[in-house]
Every structure is written in structure tokens, then in C-alpha cells.
Amino acid sequence: MSTRPFISIHGAVKRFPRSQAKGPSKTSSVPEFISALAGVDLEVDAGQVVVIIGPSGSGKSTLLRSINLLEALDEGRIVVDGVEATAPGADARRIREEVGMVFQSFNLFPHLTILENVSLAPRIVRGLRPMAAESVAKPLLERVGLGDKLGAWPRELSGGQAQRAAIARALAMEPKALLFDEPTSALDPEMIREVLDVMLDLAGAGMTMVVVSHEMGFARAAADRVVFMDAGRIVELGSPNSLFDSPREARTRDFLSRVL
Ligand SMILES: Nc1ncnc2c1ncn2[C@@H]1O[C@H](COP(=O)(O)OP(=O)(O)OP(=O)(O)O)[C@@H](O)[C@H]1O
Ligand SMILES: [Mg+2]
């Protein structure tokens with residue numbers, strides 16, 4: 001048995017032109033590029049849950065987006081399930097089938113019912129007929145607690161329900177891993193719990209997950225490791241208890257004191 005990590009990231013560097021970046025406006029003294037990722041190494045084993053925290057602009061989304069090739073690295077290597085994502089001509093479609101992504105904004109198709117939204121991926125990507133695709137989608141919608149919303153339209157769902165539908169849609173691809181970018185930060189407080197419960201259920205079922213989230217309760221309950229990023233680097237990484245309760249780095253302590 002190979003013990004290689006499911007996702008392995010080595011020396012990841014991603015630069016953006018400063019003019020397009022958030023943050024201080026361009027002056028002659030600042031470099032032309034901003035290093036969204038300034039040399040990140042991270043390995044995620046199959047079945048692990050890694051939670052990424054860090055201030056705005058620290059590169060969390062860029063790191064997730066690089067894993068499923070929504071961004072191309074300038075330097076470094078990312079290998080997903082033995083396939084080098086960063087190789088020239090890498091099969092982005094195959095990687096995105098293996099590694100699903102859930103965003104802060106749910107991006108459901110407004111003109112399709114919930115069942116149609118979740119059936120779409122198995123129809124288009126796996127070539128299933130509508131009935132077969134629906135029989136993939138229905139149990140997933142039941143699993144996320146939306147078995148009674150199959151015929152509803154996205155506009156008829158609460159934010160929490162829409163995000164659960166988006167998770168079902170990601171699962172419909174039968175991914176081996178899921179990336180979540182702040183999945184609850186657009187939700188009203190009373191809806192956060194229901195989405196986190198679905199994520200906890202997935203974690204408990206052994207899904208490999210990389211989650212950008214500042215929900216500390218979720219991190220403590222689900223994460224094998226918590227990663228603290230700042231300025232495009234991993235500053236500190238550890239178990240939830242060690243990172244939250246006894247952070248080693250001053251920057252981590254400072255960040256936690258502001259968000260906790
Ligand atoms: N498409 C882009 N074009 C230009 N700059 C970008 C782009 N995407 C990200 N950046 C810049 O890269 C840096 C890292 O951004 P990123 O979105 O990864 O941060 P983040 O940690 O996810 O922040 P947040 O918590 O606000 O979501 C930021 O300075 C950002 O402005
Ligand atoms: Mg982000």
C-alpha cells in the first residue's frame with residue numbers, strides 16, 4: 001500500500017499584478033506583484049480534514065483554487081491522488097471531478113429546480129440519463145436534509161438550504177475530496193449550524209476535506225489539523241487543540257485574539 005498523501009503541495013508560489021490586488025494602492029515603493037502564495041508546503045492524507053484560518057488576503061482562497069486548477073501556480077508543485085495538477089497540460093477536468101469545491105456563494109442555477117441542479121453534473125459529466133442522474137441526486141439531497149425540496153427553485157430556499165444543495169451538487173460528482181471556501185460566512189447565524197452539521201457528517205464518513213473557515217467549533221470537532229496562514233505562507237500548523245489553545249507563534253496568537 002502506498003502511503004502517499006492524497007493532496008501534496010510543495011513550494012507553491014502565486015503572484016498577482018499589484019494593480020488588481022486588494023490592499024494598499026500602488027505606489028512606486030511597493031513591488032509590482034503581490035505574492036498571494038509565497039512558498040506553501042502542505043500535505044493532506046486521504047480521509048483527513050484540514051481547516052485553514054488566517055486574515056483576509058493571506059492566500060487561503062488562492063491555495064484552495066490552486067488545488068483544483070482554478071488558478072495556475074507560478075512556481076511549485078501540486079499532486080492530487082498521484083496526478084500532477086501543475087504539470088503542463090494537466091487534465092483539469094479530471095482533477096475537478098476528483099476534488100469538488102463548495103464556495104461561499106452557492107452558485108445554483110436559478111432556472112433549474114434543486115433536483116435538476118444536483119442532477120446536472122452526473123448528466124453532463126458522467127453522461128447519465130435524466131432518470132439515472134436523478135436517482136444519484138435524490139439520496140444526496142436526502143442526506144443533506146433536503147428530501148422535501150426536490151422540486152423547489154433556488155430562490156425558494158434559505159441560505160442554509162441553498163448551501164446544503166450546493167454540497168449535494170458537489171457530492172453528485174462522487175469526488176474523492178472536497179474543498180470548502182468559507183461555506184458559512186454568507187449565512188445568517190441560525191443557518192450556520194445546519195451547514196456545519198452536514199460537513200461534520202461528511203467528515204465523519206471519511207471524506208477528505210480542506211476547509212477555509214473561522215468556525216472554531218467545527219474545526220475542533222472535525223479537523224485533524226488546523227493551518228494558520230498569513231501573507232501567503234503557512235505560519236503554524238497543528239491539532240485544533242494545540243493551535244487554538246497554545247499557539248506557538250505571536251502572529252497566530254494575535255490573529256486568534258482578534259477572531260475568538
Ligand atoms: N484574481 C486576482 N487578481 C489579483 N489579485 C488577487 C486575485 N486573487 C487574489 N488576489 C490577491 O491575492 C492575495 C490573496 O488573496 P486570497 O483571496 O487568496 O486571500 P484570502 O485569504 O482568501 O482572503 P479572504 O479572507 O478575504 O477571502 C490578496 O492580496 C488578493 O488581493
Ligand atoms: Mg478567501
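The values are calculated or read from the model by the stated rules, or taken from the named source; none is laboratory data. Predicted model, so just to flag it, every value in this text is computed and none were measured. Note that we place each Cβ from the backbone using ideal geometry, even for glycine, and neighbour counts take in every protein chain shown. With ligands, DNA and RNA removed, areas are computed over all heavy atoms of the protein, side chains included. Shrake-Rupley method; radii C 1.70, N 1.55, O 1.52, S 1.80 Å.
Points to keep in mind about this one:
- When Rg and Dmax are taken over the Cα atoms of the range 40-102, they come to 11.8, 33 Å.
- Bins of 5 Å, starting at 0 and running to the largest distance - Cα pair percent for the range 203-260: 4, 18, 31, 26, 12, 6, 2, 0
- Close Lys pairs in the chain, defined as Cα atoms under 30 Å apart and 8 or more places apart or on different chains, number 10.
- Accessible-area composition of the chain, carbon plus sulfur, in percent [1.4 Å probe]: 50 percent
- Between the Cα long axis of helix 189-204 and the first principal axis of the chain there is an angle of about 90°, rounded to the nearest 10.
- Cα long-axis angle, helix 130-143 against the chain (0 to 90 degrees, to the nearest 10): 60 degrees
- For the range 188-251 and the range 83-161, distance of Cα centres in Å: 24 Å
- Prolate is the label for the range 140-260. Its Cα gyration tensor axes, ordered a ≥ b ≥ c, give a/c of at least 1.5 and a/b above b/c.
- Remark on the chain: Rg and Dmax equal 18.8, 61 Å (Cα only).
- Peptide packing: for 105-118, 225-238, 159-172, 247-260, the average count of neighbouring Cβ atoms within 10 Å per residue gives the ranking 159-172, 225-238, 105-118, 247-260, highest mean first.
- Global geometry of the range 139-197, whether rounded, prolate or oblate, following the gyration tensor of its Cα atoms and the 1.5 cut on a/c: oblate
- Amide N proximity, the range 167-199 versus R4 label position 7 Å along Cα-to-Cβ, cut-off under 17 Å: 176-177
- Taking amide H as placed 1.01 Å from N in the peptide plane, the amide H of V235 sits under 5 Å from that of F228, M229, D230, each at least 5 places away or on another chain.
- √(5λ) per eigenvalue of the Cα gyration tensor, the range 52-159, largest first, Å: 30, 19, 11
- Accessible area per residue for the chain is 48 Å², calculated with a 1.4 Å probe on protein heavy atoms, without ligands, DNA or RNA.
- Relative frequency of Cα-Cα separations exceeding 12 Å in the range 34-76, percent: 66 percent
- Relative to the dominant Cα principal axis of the chain, helix 250-259 is inclined by about 40°.
- Once C-alpha pairs closer than 8 Å and six or more residues apart are averaged by separation and normalised to the residue number of the range 188-258, the relative contact order reads 19 percent.
- With an a/c value of 1.5 or above and a/b not larger than b/c for the gyration tensor axes a ≥ b ≥ c computed over the alpha-carbon atoms, the range 109-150 is described as oblate.
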